[in-house]
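We did not get these values from a lab; they are worked out from the coordinates using the rules stated. Keep in mind that what you see is a predicted model, and the values were worked out from it rather than measured. Please note: Cβ atoms are built from the backbone with ideal geometry, for glycine as well, and neighbour counts cover all protein chains shown.
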Amino acid sequence: MKQAGIVIEMENGRVKETSLGMITLAGRTADSLTAMVMSGITDDIADHLSEYGVHTIVDLSLPDAPEIRRNPAVQATAVVHAARELELDRILGLSSPEGKDLLPRVAALLDAPLIMDCVDADLKTGTATTSQYSGKMMAKIQLTGKILMFGIRPNAVLPESKPVPAKTVAMTMDAVVPENISLQSWDEADTEGRQSLVEADIIIAGGRGLKNKKNFSLIFDCAEKLNAAPAASRVAVDEGWVPYAFQVGQTGEKVSPQVYIACGISGSIQHFAGMKTAKMIIAVNKDENTAMMANCDYQVQGDLFDILTEIMRQL
Amino acid sequence: MQIYVCVKHVPDSAANIHMIDDRNIDDSVPFLMNPYDEHAVTEAAAMKKQIPDSEIIAVCLGKKDAESTLRSALAMGADRGVLVETDDMCDSMTTARVLHAAIIRDGGADIILTGKESIDSEGMQTQFRIGALFDFPVVTNAASLEITKEKARVSCELAGGRTRTYELTLPCVIGAGRGLNTPIYPTFPDVVKSRKKPIETVARSQLDVSDAPGSAKIVSMAPLVQKRNPQKITGTPAEQAAEIIRILRQEAKVLS
């Protein structure tokens, strides 16, 4: 291995915590780390990245026009260009919503192997640890090829400070604007300022126990108080209480938050597949005899409406 | 329009997966069409209604018994099926090459639909690789799709209800998400009719597929069990709430 490149994601002008965690993970097995930034580099961003162990910071210098710079097909060509210029032989990015639309594009253009949603990666040996069978299995996967790519599950590793001197490199390229795909419109951010599900520290999820759509608003209210991301089980989605985007599970998002608070969720095998890598699980349920109550860290038996209302009152 | 739908034969999402050694699962569990691919087939059927002269071809790479997934696609509205038969586990680099070759051999596509990911290997990338091999544009996790003269307008879901809307020129590749539609549930007559629809079986070796310049191979796999020992939080709702808040602050340190 020569050079590992990391695609950095930003939020409100700052490097995402989950991107810093990815730098920490990469630094365990790579000697030299290059961060690829798409939004321009300020001193703050450069300091932040070097504090966590990045040696080289590259500005991918995307065009200013938002419909071009936000088009993942354009971003992919910029990453590919940087990978070739800098002779990167390992490329990492987050398996975040944006990453799922970017990393596979880069992998396809480079014709390089890619493993998404890695909870661990050894850049020296080219192995990745990821879930298979929708979270039911954990597999170690060997990649071979000239360039190996890893999509890292957000929050898989927490950031650790590891200051190194970093240099900033400007990349000059003429952005290739593809003619066959154009971005027409997009949401700047979650319109209600909610936390992104896969990147949240705390997730509070509701299931059948919420009983109806009106009650489900309690999950959203409580999430706001806790600065958590609201989520739902498949039942709550299928009943139409919440949109599909909030579903955690085998056919929803797979998440690894610091804390997962499951409210009125019995814990089907498909639901566990989406959240069992949470660092801590708190289960709130009337019924003690559910799979979730048996496979959690803290078991809170009682009326979830009373308990959540109390949490909100006490905060 | 020639509409190709790539489908995968995967273990039922409700099945418990067991290992027979440290690399392979016990494949005696029920296998079905990958859930996201059901949305792709359903969308293809809707497209055919809108553009009458269309043909829907379901393509699958898999073992002989993957034919049942193609049969499901036929019952849901595909006109015919192509099974590229292999006993090997293929990574996405190889799978994309094979599907690309199978579609070219069959005649070529105006649009290719896939699921956004498979629920077994969770690669999330085959659609992009197929697109790159054809040099077709690709979007994934599509939640709405509108075909107008030579163009596809597609809204794709990010997370938390956010979307991005793209315009693609045809031919293109679209990875279906769950928000796209409600999968067709075939009626009994549909199932009967589908038995008469043709499925062509092609051996992988019959296709002209170049070797991929890289690979991804499982070296070991084990059930993901995380043994947790639940501690009870008891008391009145107020006491339980106070203890949860204390845990979030002091143990998990996620709350200020």
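The figures follow:
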{"item": "Rg in Å to one decimal, and Dmax rounded to a whole Å, for the stretch A:241-292 via C-alpha atoms", "result": "10.7, 29"}
{"item": "Calculated FRET value between B:D190 and B:Q50, using beta carbons and R₀ = 22 Å, to 0.05", "result": "0.70"}
{"item": "Relative contact order %, the stretch A:15-159, counting alpha carbon pairs below 8 Å whose residues are six or more apart", "result": "29"}
{"item": "Taking all pairs of distinct alpha-carbon atoms in the protein assembly as shown, Kirkwood radius in angstrom", "result": "24.3"}
{"item": "Long-range tail of P(r) for chain A (Cα pairs > 26 Å, %)", "result": "49"}
{"item": "Quotient of Cα Rg and 2.2 N^0.38 Å for chain B, N being how many residues it contains", "result": "1.20"}
{"item": "Within the stretch B:2-206, percent of DSSP bridges classed antiparallel, to nearest 5", "result": "40"}
{"item": "10 Å Cβ neighbours from other chains, averaged over peptide B:246-255", "result": "5"}
{"item": "Label-point separation in nm, A:A65 to A:K286, each point 7 Å along Cα→Cβ", "result": "5.8"}
{"item": "Under 5 Å, built H, 5+ apart or other chain: amide partners of B:L170", "result": "B:K151, B:A152"}
{"item": "Residue order, fewest to most beta carbons within 10 Å, for A:R69, A:R90", "result": "A:R69, A:R90"}
{"item": "Chain B, helix-only ellipticity at 222 nm - DSSP H runs n ≥ 4, -39,500 (n - 2.57), divided by all residues, nearest 500", "result": "-8000 deg cm²/dmol"}
{"item": "Cα long-axis angle, helix A:72-85 against chain A (0 to 90 degrees, to the nearest 10)", "result": "40"}
{"item": "The stretch A:162-315: translational diffusion in µm²/s, Stokes-Einstein, Kirkwood Rh over Cα pairs, 37 °C, 0.692 mPa s", "result": "192"}
{"item": "A:R14 versus B:R246: modelled label distance in nm, points set 7 Å from Cα along the beta carbon direction", "result": "3.0"}
{"item": "Among the listed pairs A:K211/B:K232; B:K49/B:K193; B:K8/B:K116; A:K100/A:K213; A:K211/A:K276, those beyond 20 Å (Cα-Cα)", "result": "A:K211/B:K232; A:K100/A:K213; A:K211/A:K276"}
{"item": "Burial ranking of peptide ranges A:283-291, A:34-42 (average Cβ count within 10 Å, highest at the top)", "result": "A:34-42, A:283-291"}
{"item": "Residues A:L33, B:L180 arranged by fewest to most Cβ contacts within 10 Å", "result": "A:L33, B:L180"}
{"item": "Cα long-axis angle, helix A:97-110 against chain A (0 to 90 degrees, to the nearest 10)", "result": "40"}
{"item": "Förster radius 35 Å - calculated FRET efficiency between A:D238 and A:Q314, Cβ distance, rounded to 0.05", "result": "0.60"}
{"item": "Cross-link reach list, aspartates and glutamates versus A:K167, counting only Cα pairs under 14 Å and skipping chain neighbours closer than eight places", "result": "A:D43, A:D44, A:D47, A:E51, A:D59"}
{"item": "Whole-Hz ³J(HN,Hα) from phi, Karplus 6.51 cos²θ - 1.76 cosθ + 1.60, for the stretch B:6-14, glycine and proline x", "result": "8, 10, 10, 9, 10, x, 3, 4, 8"}
{"item": "Other protein chain Cβ atoms within 10 Å, averaged over every residue that makes up A:276-283", "result": "4"}
{"item": "The stretch A:4-170: mean projected area of Cα convex hull, nm²", "result": "8.9"}
{"item": "5 angstrom amide H check on B:S220, placed H, neighbours 5+ away", "result": "A:K140"}
{"item": "Listed residues B:I20, B:I112, B:I104, most fluctuating in chain B (Gaussian network, C-alpha, under 10 Å)", "result": "B:I20"}
{"item": "In sequence order, calculated HN-Hα J values of the stretch A:45-62 (Karplus, 6.51, -1.76, 1.60; Hz; x Gly/Pro)", "result": "5, 4, 4, 4, 5, 6, 4, 9, x, 8, 8, 10, 10, 10, 8, 6, 5, 7"}
{"item": "Inter-chain shielding of A:106-112 (mean C-beta neighbours from other protein chains, 10 Å cut-off)", "result": "6"}
{"item": "Packing-based order for A:209-222, A:246-259, using average beta carbon neighbours within 10 Å, highest first", "result": "A:246-259, A:209-222"}
{"item": "Residue-wise HN-Hα coupling along the stretch A:207-223, computed from phi with Karplus coefficients 6.51, -1.76, 1.60 (Hz; x: Gly, Pro)", "result": "x, 3, x, 6, 6, 7, 4, 4, 4, 4, 4, 4, 4, 5, 5, 5, 4"}
{"item": "Orientation-averaged projected area, Cα convex hull of the stretch B:177-233 (nm²)", "result": "11.5"}
